[in-house]
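Here's the structure we're looking at; comments come further down.
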Amino acid sequence: MVGPNKSQIILLEDLRDFVINVMLDMKIWQDYDLQPLRRINLGLLRKNATRKHGVAKWPKGITIHELGVHNIEIIELHPELLGKKWSAYAAYVLHHEFIHALGFVKHDSLFRSIERAWPGREAAKLASKFTEYLCKKSAKWLWVCSGCDTEIPRKKPSNGRYKCKKCLVVLNDIKL
Ligand SMILES: [Zn+2]
Ligand SMILES: [Zn+2]
């Protein structure tokens, strides 16, 4: 794994400060000690990840009951989240990983209610936009519909296996 470079480290630390400062003002976190969040290692996911935008990792062999903010190994974010354009979504993703870090392991209804308490309400909607952006960036093929000219960027060719949802025409592959 390649670690973050100097400017990425600065951006990650700024993002951490921002998210913790917002959390300190959130009603839902008032009874929690948020200071340990300042000591968590922050790193980056592989650049070619598209579906995964952030992850909280504990050392192997730790049971679900032991997962906590004191033994977390690292939180990794997608490197593209450090671009200015995605700053609102980056904060939302880091908050999501901080919820995990504070002991909420599963994406259950409690987790989702905490996640929804994040004041940047629009940020959740950016998830699919960010995925789309990553898919376009990493695409090696375009799946093209000859009926409606829809273009779907993908890493692999469709090889005649997919049809346009609107036109039901088999998609053509164009190598980028
Ligand atoms: Zn999660
Ligand atoms: Zn079509």
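The values are calculated or read from the model by the stated rules, or taken from the named source; none is laboratory data. On a predicted model such as this, the values are computed, not experimentally measured, just so you know. We place every Cβ from the backbone using ideal geometry, glycine too, and count neighbours over all the protein chains shown.
Being within 15 Å of ligand 1 (Cβ to nearest atom) and within 21 Å of ASN21 (Cβ to Cβ) is the requirement here; does HIS107 meet it?
The answer is no for HIS107.
Return the pair list, or none, for Cβ contacts closer than 9 Å from residues in segment 50-65 that are farther than 10 Å from HIS78 by Cα to residues that are within 16 Å of ligand 2 (Cβ to nearest atom) and modelled with pLDDT of 95 or more, at least 6 apart or on different chains.
none
Looking at segment 127-147, which of its residues are farther than 15 Å from LYS85 by Cα and either touching a Lys or Arg at 6+ places or on another chain (Cβ under 8 Å) or of a type in the set (Ser, Thr, Tyr) (or both)?
Of everything in segment 127-147, those that are farther than 15 Å from LYS85 by Cα and either touching a Lys or Arg at 6+ places or on another chain (Cβ under 8 Å) or of a type in the set (Ser, Thr, Tyr) (or both) turn out to be CYS135, SER138, ALA139, LYS140, TRP141, LEU142, TRP143, CYS145, SER146, GLY147.
Give me the residue from segment 148-159 that is within 15 Å of ligand 2 (Cβ to nearest atom) and over 23 Å from ALA49 (Cβ atoms) and, out of that set, surrounded by the fewest Cβ atoms within 10 Å (Cβ to Cβ).
ASP149
So that you can scan it fast, the table gives a plain yes or no per residue for (1) crowded, with 20+ Cβ neighbours inside 10 Å; (2) modelled with pLDDT under 95:
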residue: GLU13; (1), (2): no, no
residue: MET26; (1), (2): no, no
residue: GLN30; (1), (2): no, no
residue: ARG38; (1), (2): no, no
residue: ASN48; (1), (2): no, yes
residue: HIS53; (1), (2): yes, no
residue: GLY61; (1), (2): no, yes
residue: TRP86; (1), (2): yes, no
residue: VAL93; (1), (2): yes, no
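Being away from ligand 2 (no atom under 16 Å from the Cβ) and in a helix (DSSP H, G or I): is that true of GLU80 here?
The answer is yes for GLU80.
Only one of (1) within 16 Å of ligand 1 (Cβ to nearest atom); (2) in a loop (DSSP other than H, G, I, E, B); (3) surrounded by fewer than 19 Cβ atoms within 10 Å (Cβ to Cβ) is not met by TRP118, so which one is it?
Of (1) within 16 Å of ligand 1 (Cβ to nearest atom); (2) in a loop (DSSP other than H, G, I, E, B); (3) surrounded by fewer than 19 Cβ atoms within 10 Å (Cβ to Cβ), only one is false for TRP118: (3).
Within 16 Å of ligand 1 (Cβ to nearest atom), under 18 Å from the mean Cα position of the chain (by Cα) and without any contact (Cβ under 8 Å) to a residue 60 or more places away in the chain: is that true of VAL69 in this structure?
no
On the given criteria, is GLY68 within 16 Å of ligand 2 (Cβ to nearest atom), out of contact with any helix residue (DSSP H, G or I) (no Cβ under 7 Å at 6 or more places or on another chain) and not basic (Lys, Arg)?
No, not satisfied.
Right, TYR162: touching a helix residue (DSSP H, G or I) at 6+ places or on another chain (Cβ under 8 Å) and either among the aromatic types (Phe, Trp, Tyr) or within 30 Å of LEU34 (Cα to Cα) (or both) or not?
No.
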